Amino acid sequence: MNFLNDLIFFLPEIYMCFGLMFVLINGVYVQKYSSIATESIKYSSKYTLGMLFPLLALLFFQPKYDSALINALFINNQVAFFSKLFVVVLFLSLSISFLSYYKSESSNLNFGYEYPVLMLLALVGMFFLISSNDFLILFLGIELQSLSLYVLAASKKNTITSLESGLKYFVLGAFSSGIILFGISFLYGSTGMTNFNDLRYFLLNLDTLEESTFYICLISFSFILVGLLFKLPAAPFHSWAPDVYTGSPTAITAFFSIIPKIAIFTVLIKLVYTIFLCFNQYWSFFLLACSIASFVIGSLGALYNTNLKRLMAYGTINHIGFMLLALSTVSVEGVQASLFYLTIYLTLNLNFFTILLSFRKIDDKRVLFSIADFSTLFYKEPVIAVLLIFNLFSMAGIPPLSGFFSKFYVVYCSMNSGMIFASLFAVLVSVISCFYYIRMVKISMFEYENNKSVHANTKPVSDDFSFVIVVTSLFNLLLFINPNFLLSICYSISHNLFL
Amino acid sequence: MNMNINVLPIVILAPLVSMIHIFLISSDQLSLLKRKSLEHSIIVFIISLLLYTSYDRYNFEDLFQFSFDIGWINFINLSFTYGVDGISIFFIILTSFLIPICIISSWESIKYRFKEFVLYLFLIEFLLFNVFSVLDLILFYAFFESVLIPMFIIIGVWGSRNRRIYASYQFFLYTFLGSVFMLLGIIYIYYITGSTDYRYLLTVDFLPKVQIFLWFSFFMSFAVKIPIVPLHTWLPEAHVEAPTAGSVLLAGVLLKLGAYGLLRFSLPLFPYATHYFTPLVLTISVISVVYSSLTTLRQVDLKKVIAYSSVAHMNLVTIGIFSHTYVGINGGIALMLSHGIVSSGLFLCVGVIYDRYGTRLIKYYGGLINFMPSYGIIFVILSLANMGLPGTSSFVGEMLIFLGGYRINSFALFLACTSVIFSAAYSVWLCNRIMFGPINPKIQRYSDLNERENTYLYLMAFLVIFFGFYTDSVMEYFHVPSTFVYCLLTNFFVQDAITLYSIDEILAYCIIKPNFFIDLQSGMPIDFLMAKHNLK
């Protein structure tokens, strides 16, 4: 049976579905029979973490050859493999740091056993999204992922900001999904196809197309592109991001500022660089415009923000601008640079959020909220403060930290394809964005005179946090020695995309 | 001295080893920490002296000695390429000389987080060693920029007043904004040539228009570092707010990065653009010299006096470098090195009295010579050196700059020469106000230098006079690299002329006729042999 043969390729997904059922059932059981109400989250977070290691093994033992599966609805190739691996590795590190987070947050009675389950469900959606080879599967993947994220954003039921952010995310997310679906239906209406391979060959020679078909394809493509940029978020489709990032619980912000980006970005690259490659003169301009808009909005929006999560949201938009700049070059190096940037940026982001989660305010035991909360960090936690500032300098793009290389490579690619003014703009913007990153450095390092530290310093940062912080910081500091390794992986992925 | 082992990697890695050792010492054991850090820094200094002893100063075949190469990013053909020439070894030695002095001078003035402070000092040392010895443009940029991180933190954390935060911001953003243009220029070079290896790029002839663009992008970054006048405001702020060790490093080494970069990259790589922009540079430099000299006269803060006089001196260096003469370039390098000792010595002097009285304002001082004779001697020697008195190391550099500058533009030189008068004015006046006259009644403590301060201040004063008389020990090493720069500027091949003649002959001829390689009227190179016969 062809179908059963293909199922071998879906072992990770099947495993995850069963795993999350198990965590769910176990959570229900524990919550019903345990005397302590917060016991369930402890178990479910541990089980989730435990089931991620076999998942990694399954991913590694998956057949490596490129193949189209189940009537070419799915595709299995190097791009999918590396994106899934990256998703799992990042989720694994997040889960490790979440262990301590749940422990400290459990007194608030906000977190039930559902959170790891919802995250796993989002992960399944992302897996489908990454390996989709058909617009229907793409849409289903996006929806599965987004629905879980809507719930997660609204999960802190007793705070109004969380509910607000969940609602905003839901309304605007559903809107963007609708736009994507609209584009897909246009495409289907004019060509009768939803499969990527078919569409790719159909659009290969534009000369033979009728003019009306060509324009309808272009319009539907624009709809899909806008929808995906909305999910990323790239300016000018960014408006939901700052609010949602600010309102959600910090751990959830960490989750959806890191993990879904990989899946959406992979799909974006796959769409523009394979199926719609023929429209490159349109989308390269469009992506360039989006990246410039992201630079402006990302850097200026963050400039006078004092809310940490809001600032990071604008920072994300700024970084997305760099990735889109690399993509708009229409070259293999561009894809390589954007993947390189994505990897480094997400690792830095993970580092930042882990450090953020590892501190508590003294008065109300909540996670740090404003940038002023970082004050006197250097005098209380010198090692973590130094790692934090190296992370911030790295995000600002100061050599020899990893953030510099990602920016350098992007600017190099855009210079190589002759976009001198765009690259000039990019580096000037990086100076502006440098300003708000070094303001955080200033607050955590230089302010000791007022000496009223707001973060807890009664007990040391827990082992789970320290592990993740140290690993990601080492990546940040030592990438300088050999960036070749990462670059060659990105290169092989981007080459594989065109095959 | 024939050594089979390449000393350069040892020198570069030495500060890292020290960093690791100091990191392992607990910050509670303060005395052990201080002793170990001092020992380590002195060891690094001694190791770096190996470069001086084993450098072959008359080797015209390979300009960059001790070179080695480690593969890095294969994708875009980058590698860690290292090598030093006769100019850069002195900057390495200067850096490693100033670090132990920084550590002794902050023995008691750094009251908190001494361990981190020393770690940052060693980090700066490591990064500066790399800046001065790396031969790849992108790596040069990376290290050039990365010095900002520890310096920013040193100014911000250990600075003296609340204004330090503003100062560190200004320092950081000015330098960063300037140098992103250099990054673009470097990437553009890579885009044209496919390499950023300095030694390869020396063989490339860029198109004139490209040269102008690239030269300008490099100049943007170096101009902030020199600093030339419209871009200089970060410097007094950063100097004043930094702790003494920070000011010493800033004035001693970091200020030299600008002129060093011009000499190393802008001149040899873009000779056409250098000629094209020379009038601009001379104009700005002359304005800077006069402006900053006049500004110095009006300052009330001791550190600001020295900071503004540094601006004046560094712009004199720029005039020397852009004089397009062998002597001028040599003088520029000599003045840079001498200023590295003189200005850092003066900052140390300011640090000494700041530790005692807690103020840097001139009006609170007066008559210090009466109870601080030892301090007075050193302060006067260094002040005289700052104004370029014959017999001190600055004199050599300034005189050579004036000799060279006369050739390129006598009017500009006339204006620049006013700096001699101004520097005499502000130096003597400063001495007069704080050293002599009646004792200021506000002074409460009467104590001369202690043993620790005596040691390093007398060492500085000794070096200033030593190099004033025995300049050859240093100048001989410049001969090959500065001849090389000079010849690249004038399209003249080094090997042809220089290998045949001794340095004394060339130097003697240079001083008599600074434009010895090129006939000014025809613009054609004169055969050096003819020149030699004419001399006789």
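Relative to the longest principal axis of the Cα atoms of chain A, the long axis of helix A:308-327 lies at roughly 30 degrees. For A:ASP207, B:ASP28, B:ASP85, the sequence from fewest to most other C-beta atoms within 10 Å is A:ASP207, B:ASP28, B:ASP85.
By the beta-carbon count within 10 Å of each Cβ, the least crowded to most crowded order of A:SER100, B:SER146, fewest first, is A:SER100, B:SER146. On the basis of the beta-carbon distance and an R0 of 22 Å, B:PHE411 and B:ILE212 show a calculated FRET efficiency of 0.35. Is the shape of the protein assembly as shown best called rounded, prolate or oblate, per the rule: a/c under 1.5 gives rounded, else a/b larger than b/c gives prolate, else oblate, with a ≥ b ≥ c the square roots of the Cα gyration tensor eigenvalues? Verdict is prolate for the protein assembly as shown. Reducing region B:273-339 and region A:75-101 to their Cα centroids gives an inter-centroid distance of 56 Å. Which of the trypsin sites (Lys or Arg not before Pro) found in region B:111-149 are loop residues per DSSP with 10 or fewer other Cβ atoms within 10 Å of their Cβ? Those satisfying the criteria are B:LYS111.
Altogether, the Stokes-Einstein calculation at 25 °C and 0.890 mPa s, with the Kirkwood radius of chain A over Cα pairs as Rh, returns a diffusion coefficient of 106 µm²/s.
Distance between the C-alpha centres of region B:138-174 and region A:251-317: 30 Å, rounded to the whole angstrom. Dividing the summed helix terms, -39500 (n - 2.57) for each DSSP H run of n ≥ 4, by the number of residues in chain B produces a 222 nm estimate of -23000 deg cm²/dmol to the nearest 500. Tally Lys/Arg at +1 and Asp/Glu at -1 over every other residue whose Cβ is under 10 Å from the Cβ of B:TYR357; what's the total? Neighbour charge sum, excluding B:TYR357 itself: +3. Here chain B is treated with +1 on each Lys and Arg Cβ and -1 on each Asp and Glu Cβ, and its dipole about the Cα centre works out to around 1800 debye. What net charge is computed for the residues neighbouring A:CYS413, neighbours being all others with C-beta under 14 Å from the C-beta of A:CYS413, Lys and Arg scored +1, Asp and Glu -1? Spelling it out: positives minus negatives among the neighbours equals 0. Modelled label positions at B:TRP429 and A:PHE3, each set 7 Å beyond Cα in the direction of Cβ, lie 9.6 nm from each other.
When you restrict to C-alpha pairs under 8 Å that are six or more residues apart and normalise by the size of chain A, the relative contact order lands at 14 percent. Remind me, relative contact order of region B:47-108 in percent, using alpha carbon pairs under 8 angstrom and six or more residues apart? Worked out over region B:47-108, it gives 30 percent. Put a dot 7 Å past the Cα of B:LEU294, heading toward its Cβ, do the same for A:SER492, and the two dots end up 6.7 nm apart.
One Cα centroid belongs to region B:40-87, the other to region B:193-243; the line between them spans 22 Å.
The length gained by stretching the chain between A:LEU478 and A:ASP66 to full extension, at 0.36 nm per residue less their Cα-Cα distance, is 145.0 nm.
Counting every other Cβ atom within 10 Å of each residue's Cβ, A:LYS442, B:LYS442 order from fewest to most as B:LYS442, A:LYS442. Within chain A, what's the longest run with no chymotrypsin sites (Phe, Trp or Tyr not before Pro) in a DSSP loop and at most 10 other beta-carbon atoms within 10 Å? Give the range, please. Excluding the exposed sites themselves, the longest stretch runs over A:66-303. With a Förster radius of 51 Å applied to the C-beta separation of B:HIS21 and A:GLU39, the computed FRET efficiency comes to 0.60. Computed about the Cα centre, the dipole magnitude for the protein assembly as shown is approximately 2720 debye when only Lys and Arg (+1) and Asp and Glu (-1) carry charge, each at its Cβ. How much of the DSSP beta bridge set in the protein assembly as shown is antiparallel, as a percent to the nearest 5? Counting DSSP beta bridges with both partners in the protein assembly as shown, the antiparallel share is about 95 percent. Picking from A:SER67, A:SER328, B:ALA461, whose Cα lies most toward the positive end of the charge dipole for the protein assembly as shown (charges on Cβ: Lys, Arg +1; Asp, Glu -1)? The residue sitting most towards the positive pole is B:ALA461. Placing dummy labels 7 Å off each Cα toward the beta-carbon, the span from B:GLU61 to B:THR203 is 1.7 nm.
Remark: chain A carries a charge dipole of roughly 1180 debye about the Cα centre, counting +1 on each Lys and Arg Cβ and -1 on each Asp and Glu Cβ. Treating r as the C-beta distance of A:LEU303 and A:VAL383 and R0 as 30 Å, the FRET efficiency rounds to 0.55. Between the residues A:PHE128, B:PHE91, B:VAL428, the greatest Cα displacement towards the positive end of the dipole of the protein assembly as shown, with unit charges on the Cβ of Lys, Arg, Asp and Glu, is found for B:VAL428. Averaged over peptide A:396-402, the number of partner chain Cβ atoms lying within 10 Å of each residue's Cβ comes to 6. Using all pairs of distinct alpha-carbon atoms, the Kirkwood hydrodynamic radius of region A:95-172 works out to 13.6 angstrom. Computed over neighbours whose Cβ is under 13 Å from that of A:ALA313, the net charge equals +3, Lys and Arg +1, Asp and Glu -1. Positive end of the dipole of chain B (Cβ unit charges, origin at the Cα centre): among B:SER27, B:TYR326, B:VAL11, the Cα lying farthest that way belongs to B:SER27. If a spin label sat at a point 7 angstrom from the Cα of B:GLN29 along the line to its beta carbon, the backbone N atoms of region B:110-127 nearer than 18 Å would be those of B:113-119.
Just so you know, all these numbers are worked out from the coordinates, no wet-lab data involved. Worth saying up front: this structure is predicted, and the values here are computed from it rather than measured. As a convention, Cβ positions derive from the backbone with ideal geometry for all residues, glycine included, and neighbour counts pool all protein chains shown.
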